[in-house]
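Undergrad: Starting off with a structure, shown below.
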Amino acid sequence: MRPQHMLVSDKKNGLVALTPTYSENLGEYFFAYFESATGEEVIAKLYERGVPEADGRVYLETIESRLHRFNKEKGLRVA
Amino acid sequence: MEEKVAQAACALKLEPLLKRKPSNLYDGQRQRAADGRSIFCNARVFLFDESLSNLDAALHVIKRTEIGLWHSRLDVITIYVTYDRVEAMAPADKIVVLRDGITEQVGTPVDLYERPDNTFVAHFVDSPKMYFFTSEELTEKGKSFLPDADTL
């Protein structure tokens, strides 16, 4: 997923769950900073501020055509 | 001969500098003069092998634009070798991504961005970077998107 294609979702529909650390309101959009479960920093360009769910995480999704799937072992595109 | 010199000078915007000797030219101008010699020879294919690596950042951008314009103006095959992804994406109409001499993907810049064939190419076109999520970060819905492959 690319930062500009991420969308705020909810626990039921989200593809990824990330812990929010900081967000900047730039008027038209937010630069939202997250920490992933593996400790990597993820920066998303979001059009709404993500409100954390009860577990403290924000759930994000993307439109299907913007989601890239790769095989973990070989790194090749899946479908 | 004068006509061919004028054509090359015009393509490279070197007309005002034609009377100068190469030693009296700045780096970027000197490089353009070298390019002009290639045009003069009526080459059908041009190979730029990291030809911008010695230029400063400002000249880099100018020269990259010039190569793109020159390529379209002269309608010749131009092969441009670079490790710089921006340099590759900006002027190209087709890109061949190589790793260790093996072709990873061939396509337009948009192809590479919209549909990278593998994670190497996805990393190559990384402005803005693509995030790869592990199974720990994916929700059940996220996992269900990867029925035939391990999750990343």
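Undergrad: Simple spin-label model, 7 Å along Cα-to-Cβ: residue B:120 to residue B:38 in nm?
TA: With each label placed 7 Å out from Cα toward Cβ, I get 2.6 nm.
Undergrad: Longest span of chain A, sites excluded, free of GluC sites (Glu not before Pro) in DSSP loop with at most 16 other C-beta atoms within 10 Å?
TA: A:1-27
Undergrad: Specify the longest stretch of chain B that does not include any exposed loop site, a site being one of the GluC sites (Glu not before Pro) with a non-H, G, I, E, B DSSP assignment and at most 15 other Cβ atoms within 10 Å.
TA: Formally, the longest exposed-site-free interval is B:51-135.
Undergrad: Ok, one more. Evaluate 2.2 N^0.38 Å with N set to the residue count of the protein assembly as shown, then give the Cα radius of gyration divided by it.
TA: Its radius of gyration relative to the 2.2 N^0.38 Å reference: 1.36.
Undergrad: Under a point spin-label approximation (7 Å from Cα along Cα-to-Cβ), what is the residue B:83-residue B:45 distance to one decimal in nm?
TA: 2.5
Undergrad: Moving to a separate point now. Place a +1 charge on the Cβ of each Lys and Arg in the range A:3-66 and a -1 charge on the Cβ of each Asp and Glu, then give the dipole magnitude about the Cα centre in debye, rounded to the nearest 20.
TA: Roughly 100 debye for the range A:3-66.
Undergrad: Which net charge results for the neighbourhood of residue B:48, defined as the other residues with beta-carbon distances under 13 angstrom from its beta-carbon, given Lys and Arg at +1 and Asp and Glu at -1?
TA: So the environment of residue B:48 carries a net charge of -3.
Undergrad: Which pairs in the list B:4/B:63; A:11/A:72; A:12/B:141 are over 18 Å apart, alpha-carbon to alpha-carbon?
TA: The answer is B:4/B:63; A:11/A:72.
Undergrad: Now for a separate question. Using only the alpha carbon atoms of chain A, find the Kirkwood hydrodynamic radius as the inverse mean reciprocal pair distance, in angstroms to one decimal.
TA: Across chain A, the inverse of the average 1/r is 13.2 Å.
Undergrad: Excluding the sites themselves, what is the longest stretch of chain B that contains no chymotrypsin sites (Phe, Trp or Tyr not before Pro) in a DSSP loop with at most 12 other C-beta atoms within 10 Å?
TA: Counting at most 12 other Cβ atoms within 10 Å as exposed, the longest clean stretch of chain B is B:84-152.
Undergrad: If you take every residue apart from residue B:61 with its C-beta less than 13 Å away from the C-beta of residue B:61, what net charge results, scoring Lys and Arg +1 and Asp and Glu -1?
TA: After counting each charged neighbour, the total is -2.
Undergrad: Sorted from fewest to most neighbouring beta carbons within 10 Å, what does the list B:63, B:4 look like?
TA: B:4, B:63
Undergrad: Apply 1/(1 + (r/R0)^6) to the Cβ-Cβ distance of residue A:51 and residue A:26, taking R0 = 22 Å, and write down the FRET efficiency to the nearest 0.05.
TA: 0.75
Undergrad: Dividing the convex hull volume of the Cα atoms of chain B by its residue count, what figure in Å³ per residue is obtained?
TA: Convex hull of Cα atoms, per residue: 139 Å³.
Undergrad: Let me check I've understood the local charge: for residue A:30, count other residues with C-beta under 13 angstrom from its C-beta, Lys and Arg +1, Asp and Glu -1. What total comes out?
TA: -1
Bear in mind these aren't lab numbers, they're just calculated from the coordinates by the rules spelled out. Quick caveat: nothing in here was measured; it's all calculated off a predicted structure. We place every Cβ from the backbone using ideal geometry, glycine too, and count neighbours over all the protein chains shown.
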